[in-house]
Each structure stands twice: as structure tokens, then as C-alpha cells.
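Colleague: I have a structure I would like to understand better, so I am pasting it below and will then ask my questions one at a time.
Readers should treat all values here as calculations from the given coordinates under stated rules, not as data from a laboratory. Bear in mind the structure is a predicted one, so any value in this text is a computation, not a measurement. With ideal geometry, Cβ positions are generated from the backbone for all residues, glycine too; neighbour counts draw on all protein chains shown.
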Amino acid sequence: MLHTSQIELDKKALKNNIDFIKNHIGESVKYSMVVKANAYGHGIEEIVPIAEGYGVNHFSVFSIAEAQRVFEVKKENTKIMIMGWVDGDYFDWAINSNVSFFVFTQYRLKRAIDRAKELNKVAKIHLELETGMYRTGLTKKELEPVARLIKENKEYIEVEGVCTHYAGAENLETHERIVEQINTFKNLCSELENLGINPKTRHTACSAAMFNYPETIMDMVRVGVSSYGFWPNLQTKFRYLKENNLSESPLLRVLEWKSFIMSVNEVPKGKYISYGTSFLTTRHSKIATIPVGYGYGFSRNLSNNGYVLLKGERAKIVGVVNMNMLVVDVTDIKNVEVDDVVILIGEQGDEEITVSSFSEMNNSLNYEMLTRLPDHIPRNVIE
Ligand SMILES: *Cc1c(COP(=O)(O)O)cnc(C)c1O
């Protein structure tokens, strides 16, 4: 084994999630799968072709670097949309490659026009509107000059879409803010129409908005985390299950992360385990070491706190998670041996470690945990 851990991707689970999301949004709505941050840790090169096989032909990324990775593996007619970073010479790459990108400043619009003119091509853009998140977006007073520039350069600019992003559609606490954003978006869209700009595709919904505010679905959705089988948070999950009279989640986890036992040792009562003094044995113990640590994407927050699965049972992490290793207590698990499989995320026997229990049911950590899985861990697709 060259690498100390492996990620397995369940093709059937991905199909299940794609079918479920398509069914939820309806046939006339486009599904853009968000594959930023290495497809939420799952692997762009693995996820894109599988999703294409199940009918997804639109992918959203954050940066040029991610767009280029999708471009390398995608089918000819599959579309890529950049929601964030484009710069310098890469405007040319995007325009030449038919990759669309968000425009949220007049500066970027001017750059796009200049480059498209120079290349004698059409830049495909999505106008991102400021509706109340206060991160990126064109404000109301910018719409007039933006519309003018677009109309003056219509041979070089195609406004494919108009969009916005919500400031936390997963939390009931932000309900008023989201409703206000939805209204602002509608108003700004009418304003744009009055100025003569009528993009075909309005898109605003991420996973949480798609579930909690169906009116945000519009012409296209940009769905990340739920494509991979995760709910944006537990509130959203339980609300959906309750409203649809379901007892089990219709989303399935695509990813499993596993490693192996590297060594097994006995430790007398009253000894500290690993660095420092954070864990003291209270009995004669058996411990096992696993060659995965924070340097390989395993959160240090799980020191003395998280679990792994081993022989179908939970083994608690003892001491701090090191850069390359973690230690678990296996005193109560029989016949643990070197090379035994260890599940870091996934199921074994009747037990399961979900990413959220992994990070104390905290959804922001859930996203963070996934996207921290290093690119170099091998991804194996399971049929
Ligand atoms: C990440 C992102 C999404 C997808 O969010 P999920 O919660 O993963 O579905 C959609 N839109 C934008 C602008 C994003 O940055």
C-alpha cells in the first residue's frame, strides 16, 4: 500500500442523489453540480465523468484552476461555470474554451469585453447581483452602466444568466434575510429587464435554498453538498423528512474513507498516550496506531474525541491527533491486528461514522472536513 489511506466513491449513491435532486427540481430546471474544492473532497476527475454518465452536463467551480481540471475530463458539450476567480491571461482561456464566469464588478465586465474583442469571440457571463449577502455582486446603481456596456458590445458579450447567492438558507434564524434577498433579486431582475437585459437563466439556489425555499429554484440550481449525499445541516434534513413523511434520508453518502492498523501495543495503567499529557490510561490498555493525521485531512479537533470503526465496533481516539498518526483505544475489541481495515468515514457492521458525527453535528465543519481531504489520497470508484 503506497498511501496510508484510501477514499472509495460509491457510484450508485451518486446516481441516487442525482436522480433525487432532478426529481425535486423538476424536469424543466437545469442542474448544475458544484464541484469546487475538488468536488467537496471527492475528486473532480472521478466525479465529473460519473455524473455525466447520469445526465449532468453543467458544472460549477470557483476558480480557473478548478475549471481547467473539469475541462480536461469533461465531454465536449458539457458546460463549465466559474463562480469566483478569473484573472489575467485566463480570461482568454475561459473565453476561448466557452467557459462562462460570474461578473460581479464593472471592472470584470470591462476586462471580459476587452479580451473578447481582442480574440474576436463571445464572452459568456452570468451577472451576479448584490441582494443582501454583501460579499460579491452588482448593486442597483451599477445596473444602468452595466446594461449600457453590454448593449454597446453585444457582439462580444452573451449574458447567459443572472444570479445571486443566499446568506445561509439552511438556518431558520436567517429567514427574514433570505426572504428579503429573494424579493431584492426579483426587483433587480425587473430593473435589468427594463434596461433591456433579459438573460435566459435565473439561478439562485444552493442545496439549502432548494430544499427550504422552493421559489428559489427558478431556471437552474447550483447544488454542491447534497449531490454528495449530505444535508446542508440537520435542521434542513429533519424539516424535509417531516414535510415529506419520510423516516430515512433520500440522500446517500458517496464517500468512504479508510485506512489500516499500523501497530498494536499494550500500555500499563497510569501512562500518558502520545504527545503531551492529554490522555492518561486508567487501566491496562491496548492501543492501535493508524497512519492518518491532520496532515492527511483528519481534523485535530477530534483529539480525545472522535471515533473510528474497527471490526464493526467503535474505537475512541486517545491523545492528540498527530500530523501523520492517530491512536485509538482497542482494549475492548478482540483480536485487533496489524493491517486490519479501519473506517474513518463510512459503515462497518451496524456502525456508521458520518461526516457530521465526525465533526460534532456541526455543518460548517462538515463542509470543511470534506474539502480538507487531500488531493493525493487515491480515489477508487466502486461500481
Ligand atoms: C458553494 C456554492 C454553491 C453550492 O452550495 P451547497 O451548499 O454546497 O449546495 C452554490 N452557489 C455558490 C455561489 C457557491 O459558492
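Colleague: Between the DSSP loop rule and a limit of at most 13 other Cβ atoms within 10 Å, which trypsin sites (Lys or Arg not before Pro) in the range 141-190 are left? Before the final figure, lay out the partial values.
Modeller: Details: sites: K141, R148, K151, K154, R177, K186; in loops: K154.
Passing sites in the range 141-190 are K154.
Colleague: Next question. What does the charge count near K74 come to, summing +1 for each Lys or Arg and -1 for each Asp or Glu among other residues with Cβ under 11 Å from its Cβ? Show your work: numbers first, answer last.
Modeller: Working: positive: R69, K75, K79; negative: E45, E52, E72, E76.
Combined, the nearby Lys, Arg, Asp and Glu give -1.
Colleague: If you don't mind, there's one more thing I want to ask. N301 versus V179, label points 7 Å from Cα toward the beta carbon: distance in nm?
Modeller: Label-label distance for N301 and V179, simple model: 3.1 nm.
Colleague: Anything over 31 Å Cα to Cα? Flag those among K12/K286; K22/K186; K141/K200, in the order listed.
Modeller: Working: K12/K286 38 Å; K22/K186 24 Å; K141/K200 22 Å.
Those over the limit are K12/K286.
Colleague: For the range 120-210, which chymotrypsin sites (Phe, Trp or Tyr not before Pro) pass both filters: DSSP loop (anything but H, G, I, E, B) and at most 15 other C-beta atoms within 10 Å?
Modeller: Those satisfying the criteria are Y134.
Colleague: OK, next. Residue separation times 0.36 nm, minus the C-alpha to C-alpha distance between M1 and N194: what's the value? Write down the numbers at each step before the final one.
Modeller: On the way: separation 193, 0.36 × 193 = 69.48 nm, distance 6.25 nm.
Length gained between M1 and N194: 63.2 nm.
Colleague: Running a GNM on the chain with Cα contacts under 10 Å, which residue among E352, E243, E142 ends up with the highest mean-square fluctuation?
Modeller: Per the Cα network of the chain with a 10 Å cutoff, E243 tops the list.
Colleague: While we're here: For the range 140-205 and the range 214-268, write down the distance between their C-alpha centroids in whole Å.
Modeller: 30
Colleague: Let me ask something else about it. Subtracting the Cα-Cα distance from 0.36 nm times the residue separation, let me have the gained length for N96 to E243 in nm, one decimal. It would help to have the intermediate numbers written out before the result.
Modeller: On the way: separation 147, 0.36 × 147 = 52.92 nm, distance 4.59 nm.
Result for the pair: 48.3 nm of gain on full extension.
Colleague: Turning to a different aspect of this structure: What translational D, rounded to a whole number of µm²/s, comes out for the range 1-55 from Stokes-Einstein when the hydrodynamic radius is the Kirkwood one over Cα pairs, at 10 °C and 1.306 mPa s?
Modeller: Result for D is 127 µm²/s.
Colleague: For the pair E45 and S263, what calculated FRET efficiency results from E = 1/(1 + (r/R0)^6), where r is the Cβ-Cβ distance and R0 = 22 Å, to the nearest 0.05? Before the final figure, lay out the partial values.
Modeller: Details: r = 33 Å, r/R0 = 1.52.
Computed FRET efficiency for S263 and E45: 0.10.
Colleague: Measure of size requested: the Rg and Dmax of the range 185-329, with Cα atoms as the atom set and Å as the unit; please supply both.
Modeller: Rg, Dmax (Cα atoms, Å): 23.8, 78.
Colleague: State the Cα centre-to-centre distance between the range 315-347 and the range 59-122 in whole Å.
Modeller: Comparing the Cα centres of the range 315-347 and the range 59-122, I get a distance of 45 Å.
Colleague: Would you work out the relative contact order for the range 35-120, in percent, from Cα pairs under 8 angstrom that are 6 or more residues apart? Could you put the intermediate results ahead of the total?
Modeller: On the way: 97 pairs, mean separation 20.6, N = 86.
Relative contact order, the range 35-120: 24 percent.
Colleague: Charges only on Cβ, +1 for Lys and Arg, -1 for Asp and Glu: so what's the dipole of the chain about the Cα centre, in debye to the nearest 20? Show your work: numbers first, answer last.
Modeller: Values: 44 positive and 49 negative charges, 86 e Å.
Once rounded to the nearest 20, the dipole reads 420 debye.
Colleague: Would you work out the charge dipole size for the range 40-155 about its Cα centre, treating the Cβ of every Lys and Arg as +1 and the Cβ of every Asp and Glu as -1, and quote it to the nearest 20 debye? Mind showing how you got there, number by number?
Modeller: On the way: 17 positive and 17 negative charges, 98 e Å.
Dipole about the Cα centre, nearest 20: 480 debye.
Colleague: Length gain on complete extension for the stretch K22 to Y54, per 0.36 nm per residue less the alpha carbon to alpha carbon distance?
Modeller: Values: separation 32, 0.36 × 32 = 11.52 nm, distance 1.07 nm.
Stretched fully, the K22-Y54 segment lengthens by 10.4 nm.
Colleague: Per residue of the range 174-191, in order, report the coupling 6.51 cos²θ - 1.76 cosθ + 1.60 (Karplus, θ = phi - 60°) as ³J(HN,Hα) in whole Hz, putting x for Gly and Pro.
Modeller: Here the 3J(HN,Hα) series is 9, 3, 4, 5, 5, 4, 5, 5, 4, 5, 4, 4, 4, 4, 5, 5, 5, 4 Hz.
Colleague: Moving to a separate point now. Obtain the nm distance between the two label points defined at K271 and V338 by a simple spin-label model: each point lies 7 Å from its Cα along the Cα-to-C-beta direction.
Modeller: 1.8
Colleague: Related question: When DSSP beta bridges are limited to those with both residues in the chain, what percentage is antiparallel, rounded to the nearest 5? Walk me through the intermediate numbers first.
Modeller: Values: 30 of 62 bridges.
For the chain, the DSSP antiparallel bridge percentage is about 50.
Colleague: Beyond 40 Å, what share of the Cα-Cα pairs of the chain is found? Please give it as a whole percent. Please report the intermediate quantities before stating the final value.
Modeller: Working: 18122 of 73153 pairs.
Roughly 25 percent, once rounded to a whole number.
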